[in-house]
1. Using heavy-atom solvent-accessible surface (probe 1.4 Å) with all chains present, what is the largest-first order of 63, 40?
2. When the C-alpha atoms of the chain are aligned to their principal axes, what extent does each axis show, in angstrom, from largest down?
3. Over region 3-132, with every protein chain in place, what whole percent of the accessible area is carbon and sulfur at 1.4 Å, could you tell me?
4. Using only the alpha-carbon atoms, how far is helix 77-88 inclined from the longest principal axis of the chain? Give it as 0 to 90 degrees, nearest 10.
5. When all protein chains stay in place, what accessible area (Å², nearest 10, 1.4 Å probe) is found for residue 125?
6. What distance in nm separates the two pseudo spin-label positions at residue 114 and residue 67, each 7 Å out from Cα along the beta-carbon direction?
7. Defining a contact as two alpha carbons under 8 Å apart and six or more residues distant in sequence, what relative contact order in percent does the chain show?
8. Kindly list the residues of region 27-69 that lie in the label zone of residue 89, defined by a backbone N under 13 Å from the point 7 Å along the Cα-to-C-beta vector.
Amino acid sequence: MCFPASNKYEKLSADQREIRLVIVQQADDFADDIHCHTITISLDAVLFPYYALSYVWGDAGDTLPINLNGNVHQVTRNLESALRHLRRLDILVLWADAICINQSDFEERASQILLMKEIYSSSGHPTIVWFG
């Protein structure tokens, strides 16, 4: 099952092993704003491949804005750089922990950490490693 998340994170079902993916919109120009939206899928029914992104978070206080689900969302400078570059390569469906996990929900973070091995191995593509 896939559905767009609202401007706030929708609750994930641990029983259904749900995760969020981020869809990055293409841009005509490298400098264009980054626009993304999230969808929710079950790891038990991955219907299409996605890329798992492993990256260095960098300084958590050094953030830049992206548009996520129609709202401004702050991400680290390194994640913003990865999204900006990857959209030019037509890598548009990603799993990136800082966006796909509700970082302010400790219960969700704990349950998603338990799924991380499978999130990376179920992606259908090699993991992208981004150093910045």
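The values are calculated or read from the model by the stated rules, or taken from the named source; none is laboratory data. In this text the structure is predicted, and so the values were computed from the model without any measurement. Glycine also receives a Cβ, built like all others from the backbone with ideal geometry; neighbour counts cover every protein chain displayed. For the accessible areas, the whole protein counts, side chains as well, though only heavy atoms, and no ligand, DNA or RNA atoms are used. Shrake-Rupley method; radii C 1.70, N 1.55, O 1.52, S 1.80 Å.
1. Ranking 63, 40 by accessible area, largest first, yields 63, 40.
2. 40, 28, 26
3. Working: 3730 of 6890 Å².
The nonpolar share, carbon plus sulfur, comes to 54 percent.
4. It is inclined by approximately 90 degrees.
5. 60 Å²
6. 3.8 nm
7. On the way: 234 pairs, mean separation 42.8, N = 132.
Rounded, it is 32 percent for the chain.
8. Within reach of a label on residue 89, which here means backbone N under 13 Å from a point 7 Å along Cα→Cβ, region 27-69 contributes 51-55.
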